[in-house]
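What follows is a short report on a single structure.
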Amino acid sequence: MRLTEKTVSSEVIYSGKIIEVRKDSAELENGFTALRELVVHSGGVCIVPLDGNGGVTMVKQFRYPFKEVLLEIPAGKLEPGEDHRVAGLRELKEETGASCRNFEYLGVTYPSVAYLNEKIYMYLATGLTFDKQNLDEGEFLDVFTVKLEDALKMVENGEIKDGKTMTALLLTARRLGINKK
C-alpha cells in the first residue's frame, strides 16, 4: 500500500509525567525497515477567549525549553482519554478565571509531525465572564488582554512565536471575516 509504514517493533526508552519516548522499527512500503523515534503525548487544547470589545485574553508564561517568556492563548494538557471540549473549558477557567456562553470548535493542529504524536484542539470562547484564576501548583503566568487585530500584528512581526497560538488566532480572524487589507 502506498504511503504507509507498519510498526514492526516498539521500545519505550523513557516514560515520564508528560511524555513517553519510543524507539520503533517501521516497515516501509518498499519492504525495508527504518528507525522511528517518537514522542508520545496525550494531547492538548487551546482557547481564544474573545471579549465583546474584540479583546483576546492571553497569557505570558516562561517556557523552559526556550528559556524565555512567551505570549500565548490559554492552553493545557489533556488527561489520557479526556474530552478536549471539557478540558478546554477547564483550562480557560483555571488560567484566566473566565467562563463563557459560547465555545466554538476551530479545529486541530499537529505541532510537530516528524516525531511527536500530540494533537492540539483549538476553540473560540465568547460571552466571557471573569472570576479568579485557579492555577495548577507550580504554574506561574500573567494574564493580559490585547485587541485581536493587534495580536494578529504580533504574529506577523514575530512577537507571538507559539504555533498553537498563531494558528488559533488566524483561524479566529478567518472565522470572524477579518481579512488583511
Scanning for something out of contact with any strand residue (DSSP E or B) (no Cβ under 9 Å at 6 or more places or on another chain), open to solvent by 60 Å² or more (accessible area, probe 1.4 Å) and over 20 Å from Q61 (Cβ atoms), does the stretch 124-135 turn up at least one residue? no
Just give me the residues in the stretch 18-65 being in a loop (DSSP other than H, G, I, E, B), in contact with a Leu (Cβ under 8 Å, 6 or more places away or on another chain) and open to solvent by less than 60 Å² (accessible area, probe 1.4 Å), in sequence order. S42, G43, D51, G54
Set P74, P111, P80: member being open to solvent by 60 Å² or more (accessible area, probe 1.4 Å) and touching a helix residue (DSSP H, G or I) at 6+ places or on another chain (Cβ under 6 Å): P111
Basic (K, R), modelled with pLDDT under 95 and outside any strand (DSSP E or B): is that true of R85 in this structure? no
Answer with yes or no whether N157 is out of contact with any Cys (no Cβ under 6 Å at 6 or more places or on another chain), closer than 19 Å to K77 by Cβ and either exposed (fewer than 13 other Cβ atoms within 10 Å of the Cβ) or among the polar types (S, T, N, Q) (or both). no
When residues of the stretch 1-33 are limited to those that are among the basic types (K, R) and more than 26 Å from G76 (Cβ to Cβ), the one farthest from the chain's Cα centre (by Cα): R2
Go through the stretch 6-17 and report how many residues are open to solvent by 100 Å² or more (accessible area, probe 1.4 Å) and touching a strand residue (DSSP E or B) at 6+ places or on another chain (Cβ under 9 Å). 2
Among the residues of the stretch 20-31, are any of a type in the set (V, I, T), within 30 Å of L124 (Cβ to Cβ) and at pLDDT 95 or above? no
Over the stretch 90-141, the set of residues small (G, A, S) and either at negative phi or under 18 Å from the mean Cα position of the chain (by Cα) (or both) is A98, S99, G107, S112, A114, A125
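The values are calculated or read from the model by the stated rules, or taken from the named source; none is laboratory data. Since we're looking at a predicted model, the values are computed, not measured. Glycine gets a Cβ as well: all are built from the backbone with ideal geometry, and neighbour counts include every protein chain shown. Quick note on the areas: whole protein, heavy atoms, side chains included, nothing else; ligands and nucleic acids left out. Shrake-Rupley method; radii C 1.70, N 1.55, O 1.52, S 1.80 Å.
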